[in-house]
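Report on the following structure.
The values are calculated or read from the model by the stated rules, or taken from the named source; none is laboratory data. This is a predicted model, so every value here is computed, not measured. Ideal geometry is used to build each Cβ from the backbone, glycine not excepted, and the neighbour counts take in all protein chains shown. Quick note on the areas: whole protein, heavy atoms, side chains included, nothing else; ligands and nucleic acids left out. Shrake-Rupley method; radii C 1.70, N 1.55, O 1.52, S 1.80 Å.
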Amino acid sequence: MFEELKPHIADLRKRLTISFLTIIVLFFVCFAYWEPIMAWMIEPLKAVLPSTSSIIFTKVQEPLFTALKVSFFTAFVFSLPIIFWQFWLFVAPGLYENEKKLILPFVLFATVMFVMGAAFCYYVVIPFGFKFLVNFGGQLFTALPGIGEYISFFTKLLIGFGIAFELPVITFFLAKLGLVSDKTLTGFFRYAIVIIFIVSALLTPPDVLTQLLMAGPLLLLYGFSILIAKWVNPESKEEDDEEDEEDEDEDEDRKKADEEFDNDEDMDDFHKIDKTQ
């Protein structure tokens, strides 16, 4: 069994190595421009900070480590097309010939969806969320946010939204594998609503507005995922008919069992009466 997995492990190592080297190369490029990149990242925070507040650092090494973190995050985002491309090449041997031709649409669609999620977070969610967080208790406290903690929080939000917007892409693969269908997703919708709001509460600042700003698009993406599953792996009418027939057979079996049980009870009552006489 291990011998059969060796080629797959070797291929996985190759894909991971290419992705890692791409991130490393782009990391050095991004590190040369870390100042304008960080200025773009802190712009939403500066827009909501009062005039008496400023962004600070409290540790000697914090600016350097923050610059490294900013460069690595930017390199990861710019490496996404290569990462998605390597992922597709890894799973391609298990696909049909016509499905292997979808590599360019997949790479483009997956990258665009991640960027859309990150952009939605940056331009819509973060301004509302940070305004709430900074103004909360503003009459009693002075906001002096640390640059390291802010960048960590900022990148967490952008990555969370980017991954969340990959829901249609994930659905496409699960439908291709036959693990989900449009009927499966439709039946799971009520549970998906709860999960989406829980994820939104975990990834966004603790106010209702920003949670709704994340949950709303995710619900729309879930509906879009149902359409994708219907296109890739639709629930056939024959399967529906078979399930309906099975349900009808089960109902008939239950009715027969209930009738037999009632008849047995009637016979027991009859024998009891006969014995008493």
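State the extension gain, in nm to one decimal, for the chain segment bounded by Ile56 and Leu104, taking 0.36 nm per residue of separation less the distance between their alpha-carbons.
On the way: separation 48, 0.36 × 48 = 17.28 nm, distance 4.37 nm.
Residue separation times 0.36 nm, minus the Cα-Cα distance, leaves 12.9 nm.
What order, most packed first, do the peptides 117-128, 222-233 have when packing is the mean number of other Cβ atoms within 10 Å of each residue? Intermediate results must be reported in sequence, preceding the final value.
Numbers: 117-128: 19.5, 222-233: 18.0.
Per-residue mean Cβ counts within 10 Å order the peptides as 117-128, 222-233.
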Could you work out how far apart the two model spin labels at Tyr33 and Leu177 are, taking each label as a point 7 Å from the Cα in the direction of the beta carbon, and quote it in nm?
-> 3.7 nm
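How much of the accessible area of the stretch 134-218, in percent, comes from carbon and sulfur atoms when a 1.4 Å probe is used? Show your work: numbers first, answer last.
On the way: 3290 of 4480 Å².
Whole-percent figure for carbon plus sulfur exposure: 73.
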Cβ-placed point charges (K, R +1; D, E -1), dipole of the stretch 1-133 about Cα centre in debye, nearest 20 | 160 debye
At what distance in nm do the modelled label points of Leu202 and Lys156 sit from each other, each positioned 7 Å from its Cα along Cα→Cβ?
-> 1.2 nm
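Order 145-155, 49-59 from most to least packed using the mean count of other Cβ atoms within 10 Å. Write out the running numbers ahead of the final one.
Details: 145-155: 17.6, 49-59: 12.0.
My ranking of the peptides, most packed first, is 145-155, 49-59.
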